[in-house]
1. Going by C-beta contacts inside 10 Å, put Cys133, Cys166 in order with the fewest on the left.
2. Select from Gly94, Ala153, Ala6 the residue farthest towards the positive end of the dipole of the chain; place +1 on Cβ of Lys and Arg, -1 on Cβ of Asp and Glu, and compute about the Cα centre.
3. Would you mind ranking Lys20, Lys141, Lys149 by Cβ crowding within 10 Å, fewest neighbours first?
4. When Lys162, Lys21 are ordered from fewest to most other Cβ atoms inside 10 Å of their Cβ, what list results?
5. Under a no-solvent Debye model with one identical scatterer per Cα of segment 44-189, what's log10 I(q)/I(0) at q = 0.12, 0.13 Å⁻¹?
6. Provide the three semi-axes, in whole Å and in decreasing order, of the ellipsoid equivalent to segment 132-221 as defined by the square roots of 5 times the Cα gyration tensor eigenvalues.
7. Just from the alpha-carbon atoms, what are the Rg and Dmax of segment 3-42 in angstroms?
8. Binned at 5 Å from 0, what are the whole-percent values of the Cα-Cα distance distribution for segment 53-127, short to long?
Amino acid sequence: MTYSIAIDGPAGAGKSTIAKKIAKELGFIYVDTGAMYRAMTYFFVTEHIKKEDAGAMGRLCENADISIKYQNGEQQVFLNGENVTPYLRTEEVGNLASVVATNGDVRRKLVELQQKLAKSENVVMDGRDIGTCVLPHADLKVYLTASPKTRAARRFKELTEKNILCNIEEIENDIIDRDKRDMEREISPLRQAEDAVLVDSSDMGVEEVVSYILQLFMERK
């Protein structure tokens with residue numbers, strides 16, 4: 001018997017940070033589905049595929065083999081045998097990722113890989129439609145969110161610590177726009193599953209959120 005935890009929510013809500021910590025605490029495999037989509041997006045970027053060319057994306061995704069491995073305790077994402085982890089958080093990839101996620105052929109391929117992994121391993125997955133689409137029977141579903149202002153402040157802090165010049169108002173506007181695209185997309189739109197627990201992290205610390213979700217899981221186990 002395997003266990004699965006699904007964590008959904010908008011961009012910048014802290015899903016990846018929380019999911020990684022929970023997976024480590026439980027000894028589960030952390031599957032960053034967003035990173036898998038970003039890897040596919042990076043593939044399209046390197047092949048100079050235009051965001052309007054959905055047909056080319058559908059054809060090209062069949063040639064993409066995306067896998068997740070752990071090296072020295074850190075998740076690494078491989079695209080056709082190449083470690084592409086360092087390239088997944090670029091602005092170019094980030095801006096195109098939401099467009100790629102609306103492509104039906106791309107989603108079907110990645111969902112198939114994610115479901116296959118969940119059948120053989122205890123997993124924690126985070127993304128936009130894990131509880132509603134990828135793992136509809138997950139043992140625990142969480143919808144993790146925070147206000148756009150809070151998420152923008154977190155992103156601003158992250159970028160400035162890396163000495164990257166940025167504007168917090170522009171970041172907040174980008175977040176609001178991305179939320180709208182994710183919620184209005186035709187295929188698997190971002191929404192809270194009916195049986196998911198809503199967790200608003202606007203006024204919560206990371207460890208507080210982790211502790212709460214672990215408690216929820218233990219109650220359902």
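Derivation of every value follows stated rules applied to the coordinates shown; laboratory data play no part. These numbers were taken from a predicted model, which means no experiment stands behind them. Glycine also receives a Cβ, built like all others from the backbone with ideal geometry; neighbour counts cover every protein chain displayed.
1. Arranged by neighbour count, lowest to highest, Cys133, Cys166 become Cys166, Cys133.
2. Ala6
3. Lys149, Lys20, Lys141
4. Fewest-to-most Cβ neighbours within 10 Å comes out as Lys162, Lys21.
5. -0.61, -0.73
6. Largest first, segment 132-221 gives 27, 19, 10 Å.
7. Reported Rg and Dmax, both Å: 10.8, 31.
8. 3, 13, 19, 28, 24, 10, 3, 0
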